[in-house]
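Visitor: Below is a structure I'd like to ask you about.
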Amino acid sequence: MTGSVIVITSGKGGVGKTTTSANIGTALANLGNKVVLIDTDIGLRNLDLLLGLENRIVYTIVDVVEQRCKLKQALVKDKKNPNLCLLAAAQTRDKSAVDASQLKEICETLKEDFDYVLVDCPAGIEQGFQNAVAGANEAIVVTTPEMSAIRDADRIIGLLESKEGVERYRLLVNRVRPKLVKSNDMMGVDDVVEILSCDLIGVIPEDMNIITSTNKGEPVVNDEKSLAGLAYMNVARRITGEDVPLLDIDEPTGLIDKIKKFFLKKA
Amino acid sequence: MYDNEYFVVDMASCTSTGEIINSLSLALETLNHSGKKIVLKLNNNYLNQSQILSMQSLITSYGCILDTIETTNPETAAVAQNMNIYVQQPIEKRVEEKYDEDENLEFKTFSLDVQKNPNDITLKEVNGLHFEADLDAMSNNQNRIDIASDLREAGINPKSDFDTIEQQISNQYSRVEEIMDTVEKFSPSSLDINTQVISEIPSENESQIMPQSVITAENDDRVEQNKEEFENAEKNSIGVYKKAYDEDETNEEQWEEVDFYETSTNEPIISDTKETTYITQTLRSGQVLEFDGNVVIIGDCHPGSEIRAVGDITVWGVLSGIAHAGYKGNASARIRALKMNAVQLRISNCYSRRPDGTNIPYIIRSSIFTPEEARIVDNEIVLYKINQN
């Protein structure tokens, strides 16, 4: 079995790389795939928190690299889904504790046992990014519909194109607010795709549930009512090769809109 | 009550688990009881499964078997029954005390009967009400037989009668023994009988009864007090920090063998005579404090920080990072904090983690401090309130 290694990156910080990793990972696992999440944000780890696995971490990726434990010992199994594992980053070290070849080796090893190896990339284009991308053969570029994030994403796409291993990269537009897009206060998804001229893998609407889910340590995908969770689930299905249409993220605002939408759906 | 096989350990006076285990190990150490069945008298103390289990393992380590638990606490009884331990309700003390005095009365009449009509002694005379009294009389059986032999020695009865008397007595003895067995099995019913007897004591004896009732009241008070103390103790020992390797064991099943917890315990155990360092700042995420001795931190330890000490760790503040006391293999090391919220607690090679919950509780800083101490009990890390033993 040879799984694919997907790196989730953005360049700019705070656009939702870690949230995306946690949710896509959980969604893929819920779909029945064996998934391992690797947190490469050494020194600023957060992925464990989002999955609610912080208290289970005994060994980290640095311990694996420095051969204090075996790779499989360091994999933390998810509370709910046994298909999902986490390889946590060390909090007490920094990015230089691991180098690109070591991470590539880890990815190569994990590829054999798992369907999907998701690598959560740190912000920036320095060593952390270089490490994360090293083993990847696919990439998801996360961006928000803001100029700064788009510019950083553009830079990242440029770097990914120059990387040898990365065969494919797709764009994920995060934190879209349909209302603002409608009122022309925010760039639409189409604009973003046009600027970056890149395949789109999904659109995630802004969702308040994300905040509570982060605090709870429970990915939003597990919440069926959440629109963002649904969108992440669709992204996961697209990763598995399914053809899923884009989610209608236009939130009906008033009662009349709701009724309109109801009848439109019927018709 | 119990024959040679059994060994009764009365721990009704103990109030806390620590005391119970202490006295139990003392009792087992001082005498050689290997192979014996242990009967634990626990009074009204509530023990949960792990506590009983630990006691059971303690008893087995001395080569004995925990056979019976005598308790008045229904929860303990339920737990013990779940663990396939025979449970019985003890005959309440006050009743026994009462009998110490009543018995004379009953016994006298009985022995009078013996003297009057030795030939007519049959159990039919012994009706239900006098039942327990007879048993007590039988427990003093030696006296009775002595009376018979006295009679024989005195030559009061003709020889021909004697054989029949002796036979009758021995018959009666064996029958009473049978009844004793049944009573042992159904001791609660015997309790009822006792109370009936008490109520039927003639009014002359009221003066005698009065102090007894006072005694029982005192007893009840004591029991209640015990119960209260014990409940407090239960609340104070917050519970076992779950073992971190519960999950890892499941990993173990799926993966190849994992020698996770083979940390270096070969090194000599270092007691807390080591030097101590004082840190007067807050440990933040990513900071590691490692020290070859005891550590005292005046400040908080935020999540993501890690403390490793050869000796004890004391945090004068909120501990919410990882604390590893005795990390070179000192199982008697302890971790103390004003507020224990540690992501993981590790002592020596024993790992435990915080119970699952939301991330919020340790983001919110509480002004309510509940000083706690973590230490190893039966290879598990247990939190105790610091003012508690």
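Visitor: Please compute the average number of Cβ atoms from other chains found within 10 Å of each residue's Cβ in peptide A:55-65.
Guide: 4
Visitor: Rolling a 1.4 Å sphere over the protein heavy atoms, what is the accessible area per residue of chain A, to the nearest Å²?
Guide: The answer is 44 Å² per residue.
Visitor: So if each residue of separation counts as 0.36 nm, and I subtract the Cα-Cα distance between residue A:113 and residue A:164, what length gain in nm does that give?
Guide: 16.0 nm
Visitor: In the calculated pair distance distribution of the range A:183-254, what percentage of Cα-Cα distances lie above 21 Å?
Guide: For the range A:183-254, the fraction of Cα-Cα distances above 21 Å is 36 percent.
Visitor: Counting only protein heavy atoms and a 1.4 Å probe, tell me what percentage of chain A's accessible area is made up of carbon and sulfur.
Guide: 49
Visitor: At a 10 angstrom cut-off on C-beta neighbours, averaged per residue, how do the peptides A:19-26, B:39-46 rank from highest to lowest?
Guide: Highest mean packing first, the order is A:19-26, B:39-46.
Visitor: Are any of the pairs A:12/A:182; A:70/A:163; A:70/A:216; A:12/A:95 more than 20 Å apart by Cα-Cα distance, and if so, which?
Guide: As for pairs spanning more than 20 Å Cα to Cα, those are A:12/A:182; A:70/A:163; A:70/A:216.
Visitor: Give, ordered by residue number, each residue of the range A:69-96 whose 1.4 Å probe accessible area is reduced by a minimum of 50 Å² on adding the remaining protein chains to the chain alone.
Guide: So the qualifying set is A:70, A:72, A:73, A:77, A:91, A:92.
Visitor: Still on this structure: Please state, to two decimals, what the Cα-based radius of gyration of the range A:1-99 comes to when divided by 2.2 N^0.38 Å (N = residues).
Guide: After normalising by residue count via 2.2 N^0.38 Å, the value is 1.03.
Visitor: How far apart, in nanometres, would the label points at residue B:171 and residue B:368 be if each is projected 7 angstrom from Cα along the Cα-to-Cβ direction?
Guide: 7.2
Visitor: With all distinct Cα pairs included, what does the Kirkwood hydrodynamic radius of the range A:28-74 come out to in Å, to one decimal, could you say?
Guide: 11.9
Visitor: Roughly what angle does helix A:255-266 make with the longest principal axis of chain A, taking Cα atoms, 0 to 90 degrees, to the nearest 10?
Guide: Helix A:255-266 sits at roughly 80 degrees to that axis.
Visitor: While we're looking at this one, here's another question. Looking at the square roots a ≥ b ≥ c of the eigenvalues of the Cα gyration tensor of the range A:4-266, which shape do they give, rounded for a/c under 1.5, prolate if a/b is larger than b/c, or oblate?
Guide: It is prolate, given that a/c is not under 1.5 and a/b is the larger ratio.
Visitor: Of the DSSP beta bridges with both residues in the range A:4-266, give the percent that are antiparallel, rounding to the nearest 5.
Guide: 10
Visitor: Let me ask another. How many Å² of accessible surface get buried when A and B come together, counting both sides, probe radius 1.4 Å, rounded to the nearest 100?
Guide: The summed interface area works out to 2300 Å².
Visitor: Which of the peptides A:139-147, A:237-245, B:69-77 is most tightly packed, and how do the rest follow, judged by the mean count of other Cβ atoms within 10 Å per residue?
Guide: Most protected by this proxy first, the peptides run A:139-147, B:69-77, A:237-245.
Visitor: Please compute the modelled spin-label separation between residue B:284 and residue B:23, points set 7 Å along Cα→Cβ, answer in nm with one decimal.
Guide: For residue B:23 paired with residue B:284, the spin-label model returns 5.4 nm.
Visitor: Comparing the chain by itself with all protein chains present, which residues of the range B:284-315 are at least 30 Å² less accessible (probe 1.4 Å)?
Guide: Listed by number, the residues meeting the 30 Å² cut-off are B:286, B:304.
Visitor: With a cut-off of 13 Å, note down the residues of the range A:1-34 whose backbone N falls inside the zone around a label point 7 Å from the Cα of residue A:69 toward its beta carbon.
Guide: Within reach of a label on residue A:69, which here means backbone N under 13 Å from a point 7 Å along Cα→Cβ, the range A:1-34 contributes nothing.
Visitor: Need the per-residue list for the range B:332-358: every residue with at least 10 Å² less accessible surface in the complex of protein chains than in the chain by itself, probe 1.4 Å, sorted by number.
Guide: Residues meeting the cut-off: B:343, B:344, B:346, B:351, B:353, B:354, B:356, B:357, B:358.
Visitor: To continue, here is another question. Take every residue in peptide A:156-167, count the Cβ atoms of other chains within 10 Å of its Cβ, and give the average of those counts.
Guide: Neighbouring Cβ atoms belonging to other protein chains average 0 per residue here.
Visitor: Tell me whether the range A:77-119 comes out rounded, prolate or oblate; compute the Cα gyration tensor, take square roots of the eigenvalues as a ≥ b ≥ c, and use a/c under 1.5 as the rounded threshold.
Guide: Because a/c hits 1.5 or more and a/b fails to exceed b/c, the range A:77-119 counts as oblate.
Visitor: What is the mean number of Cβ atoms from other protein chains located within 10 Å of the Cβ atom of each residue in peptide A:133-144, rounded to a whole number?
Guide: The shielding value for this peptide is 0.
Visitor: Once you sort the root eigenvalues of the Cα gyration tensor of the range B:6-88 as a ≥ b ≥ c, which label holds: rounded (a/c under 1.5), prolate (a/b larger than b/c) or oblate (the other case)?
Guide: prolate
Visitor: Which percent of the accessible heavy-atom area of the range B:6-88 goes to carbon and sulfur, probe 1.4 angstrom?
Guide: 50
Visitor: Distance in nm between label sites at residue B:274 and residue B:53, each 7 Å beyond Cα in the beta-carbon direction?
Guide: 3.1
The values are calculated or read from the model by the stated rules, or taken from the named source; none is laboratory data. Note that the structure is predicted; figures quoted are calculated from it, not measured. Note that we place each Cβ from the backbone using ideal geometry, even for glycine, and neighbour counts take in every protein chain shown. To get the accessible areas, we keep the full protein, side chains included, count just its heavy atoms, and leave off ligands, DNA and RNA. Shrake-Rupley method; radii C 1.70, N 1.55, O 1.52, S 1.80 Å.
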